Each structure stands twice: as C-alpha cells, then as structure tokens.
1. Which of the residues that make up the range 318-340 are in contact with a helix residue (DSSP H, G or I) (Cβ under 7 Å, 6 or more places away or on another chain) and more than 27 Å from residue 373 (Cα to Cα)?
2. Among the numbered conditions (1) in contact with a helix residue (DSSP H, G or I) (Cβ under 7 Å, 6 or more places away or on another chain); (2) away from ligand 2 (no atom under 16 Å from the Cβ); (3) free of Cβ contacts under 8 Å to residues at least 40 places away in the same chain; (4) closer than 21 Å to residue 217 by Cα, tell me where residue 343 comes up short.
3. Among the strands (runs of 3 or more DSSP E) confined wholly to the range 50-160, which include 3 or more residues that are away from ligand 1 (no atom under 16 Å from the Cβ)?
4. Considering only the range 241-257, I want to know if a residue exists there that is surrounded by fewer than 22 Cβ atoms within 10 Å (Cβ to Cβ) and either over 15 Å from the mean Cα position of the chain (by Cα) or within 16 Å of ligand 2 (Cβ to nearest atom) (or both).
5. Working only within the range 175-201, note down all residues that are more than 22 Å from residue 341 (Cα to Cα) and assigned to a loop (DSSP other than H, G, I, E, B).
6. Which one of these does residue 351 not meet: (1) under 26 Å from the mean Cα position of the chain (by Cα); (2) within 12 Å of ligand 1 (Cβ to nearest atom); (3) in contact (Cβ under 8 Å) with a residue 40 or more places away in the chain?
7. What tally of residues in the range 27-48 results from selecting those that are under 32 Å from the mean Cα position of the chain (by Cα), exposed (fewer than 15 other Cβ atoms within 10 Å of the Cβ) and assigned to a helix (DSSP H, G or I)?
8. Can you pull out every residue in the range 161-174 that is outside any loop (DSSP other than H, G, I, E, B) and within 13 Å of ligand 1 (Cβ to nearest atom)?
Ligand SMILES: Nc1ncnc2c1ncn2[C@@H]1O[C@H](COP(=O)(O)OP(=O)(O)OP(=O)(O)O)[C@@H](O)[C@H]1O
Ligand SMILES: [Mg+2]
C-alpha cells in the first residue's frame, strides 16, 4: 500500500521550501497546490477531488494553514490530514490537533518517517470510516539473553494463526535470529533480501519476502549472516511494520536481548509489549530493569504483558515474591519442559509438538489474552477475521 495516490493533495504554504517538501513525500501521483492562491480556491479543488489524504506544508506561524485545516476537516471527515511544518511548535501543534489534524511532522524528516505517518493517518481514517484498521504490533522483549523470547514469539504466532487470525512474525534479532530454525523454515528470503531489493516498501513487496509456516503463520526471517544486519535501519522497519499491519490481524516482533536502535524504534511504535522473564534472581533483576526502562521510554504499564518463563523452577523465589519484586504479577506462567529443546531441535513449536503440555497451554492462554483484548473474538466465542469479513473491530492501542 502506498499512502500517496492520485487522491492525494499536497498544499505548500507561502514561505515553504517546496523542493524540501516534495523530497520529504513518498513517490506518488499527488496533486500539488500553492496556498498563495488563497484558502477558498484550494478548498474548491479539495471539494471537487475529495482526496483520501491532504498534506499541508507550512511554517508554525501560518494562520492561513490552520484556516485551511479547519475548513478541510469540517468538510471532509474521511480525509486524512497531515501537517508538515517547519519552525518552533509553540502552541501550533496543539492548535492543529484541535482543528482536526491526524498527525503533525516537523521538517526536515527522513522520507521513511513521513511515509509511516502518512500511511498511519490514512489507515486510521479508513478504519474510522469502516475500512481496514491497523493490526496490533506486539513486540516481544526481554533485556537478557535466553529468557524465552523466541520461544514465546514463535508459539504465540502459531497459536494466533491456528485460532484463525492472520498473523505475521518478524525476526529483528538481526545478527543471530533463529525464528527460521525454531519453526523449521528455510531462510530462502529474509528481511535483508527485502532491504536490499531496492523496491518501495509496500504490502505487495513485503509479501513477496514472507515465508509461510504450515500453521498459517507468516514470517519475515532474520538475515542469514550477522554482517547483513547493517542494511536494516529503523526507518525501513517502520515502513515494513506499517505494510504488515495493514494486511494482517496481528504483527509479532521477536527481538534480540538488547535495546538496539531497531528494538527502541519498535518498542516506540508497538501497540503491545510482551516482556519475557525467567524465574531466577539474576533474570528477575534484569526484567525489573527492563520494565523500568520501558516506563522511562514513556510506555504505559497497561500495554505490557508479563510472561514468566520456567515458572516452576525451584530457586526459593515464590510467585508472590516475583510480583513484589517486579511490581506486577505475571499474566502467563510457562513451566519448564524438556520437550521444548527437543521440539526446537526438530523445528516444531511446542503448541504443535505437544498441544497438551503445560507450555503449550500457557502460550495458548497468551494468544487468548491478545485475541480477547483486540476484540477479535466474536461474541459467540469463535474467532473470525474481521478483515476478511470487511467489518470493523476495536483494537488494542491502534495507531501509535
Ligand atoms: N520453558 C522452557 N523449558 C525448557 N526449555 C526452554 C524453556 N524456555 C526456553 N527454553 C530453551 O532455552 C533456550 C533459549 O530460549 P529462546 O531462544 O526462546 O530464548 P531467547 O530469549 O530468544 O534468547 P536470545 O536472547 O538469545 O534471543 C532454547 O534452547 C529453548 O529451547
Ligand atoms: Mg531469541
């Protein structure tokens, strides 16, 4: 999907560097107008063409731009309106949001950031108008290595797919990602191949680099060699996520045990964070630091689901101690099971290898939490893809 189409109008205010404005925009057949011709005359064209996206390029002192914004919003409820502006925000941002802007972006910005904001705005308006809404983006995090992030990501993804939700798992452990191995998938196409393909990052392109698991789960696999990791930048990831969120019901991200720039960018836009910790003193200390770091990053505790892996380990720490140390009780407890390493060796997620095992039940419970929270499950208790059905659904924190 590209946000910019023949239904896009780009309006440049007086005093705006038009070349810079154009360069910030994604490629596409937008109609370019100048606000120098007057608000009324621009509005006449907007009224005639009924755009799905109106981009206003202006300075933060432009009352004319705000006037255009107010009238355009009043007349075109379903049109996404994004303001790209230069100068200090002062009260401009508040005013523009009050008048109905879907997003505001300061210039200059890398094109990827602008594309992300435009697609998000368009998608959100479509969702509000009864079209396709953005899927939740669930980021699996755990600051320490080996806590069970990949195990959780794979089994959650498979459990969601088996419940009928269109799900995709992206492996951004860019140097040592092992989702492919854990699911028994050959890395014939990876995120690296997508990054160096030189193609526009839209749903069609990204779709060509996905590898389908037998459960129905889509995957975008990590690079096969650590030296390829440098080709994947946060800006590129944002575009990939947006393309995937439009086409799926759930997007799950498996991360490396570090707050790398890619992980920080992902945490920043994720709708949900699934923190995976283990039951031992050192891991709990790291999980606590991880939770505190998420709070410092401005993430709301309500967006975080805590998974306690190896929850039956006997180390003299009770589950009540865990809740006290971490300041919250785990939502899901995953016991240790020798079948897990065996299943990993066979490239088979435990939810398929041994459906009745404790860990499989725990991962299905985790999937149910997300299904319930996203209002994806129908009232009858069965699960239906509202995207396939073309209906609306309320989502967890959509549209971050
Ligand atoms: N509940 C469990 N029972 C038995 N083995 C487990 C359990 N959880 C994880 N393991 C094993 O521990 C190892 C590490 O798990 P996993 O790869 O999921 O961790 P990770 O957090 O993704 O690690 P990294 O930070 O290196 O990416 C794997 O070999 C896995 O099979
Ligand atoms: Mg891992």
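1. 337, 339, 340
2. Checking residue 343 against (1) in contact with a helix residue (DSSP H, G or I) (Cβ under 7 Å, 6 or more places away or on another chain); (2) away from ligand 2 (no atom under 16 Å from the Cβ); (3) free of Cβ contacts under 8 Å to residues at least 40 places away in the same chain; (4) closer than 21 Å to residue 217 by Cα, the one that fails is (2).
3. Result: 53-59, 80-86, 103-106.
4. Yes, some residue in the range 241-257 is surrounded by fewer than 22 Cβ atoms within 10 Å (Cβ to Cβ) and either over 15 Å from the mean Cα position of the chain (by Cα) or within 16 Å of ligand 2 (Cβ to nearest atom) (or both).
5. Within the range 175-201, 188, 189, 196, 197, 198, 199, 200, 201 qualify.
6. (2)
7. So the answer is 0.
8. Within the range 161-174, 169, 171 qualify.
The values are calculated or read from the model by the stated rules, or taken from the named source; none is laboratory data. Since the structure is predicted, the reported quantities are computational estimates derived from the model, not experimental observations. Here the Cβ is made from the backbone with ideal geometry for all residues, glycine too, and neighbour counts use every protein chain on show.
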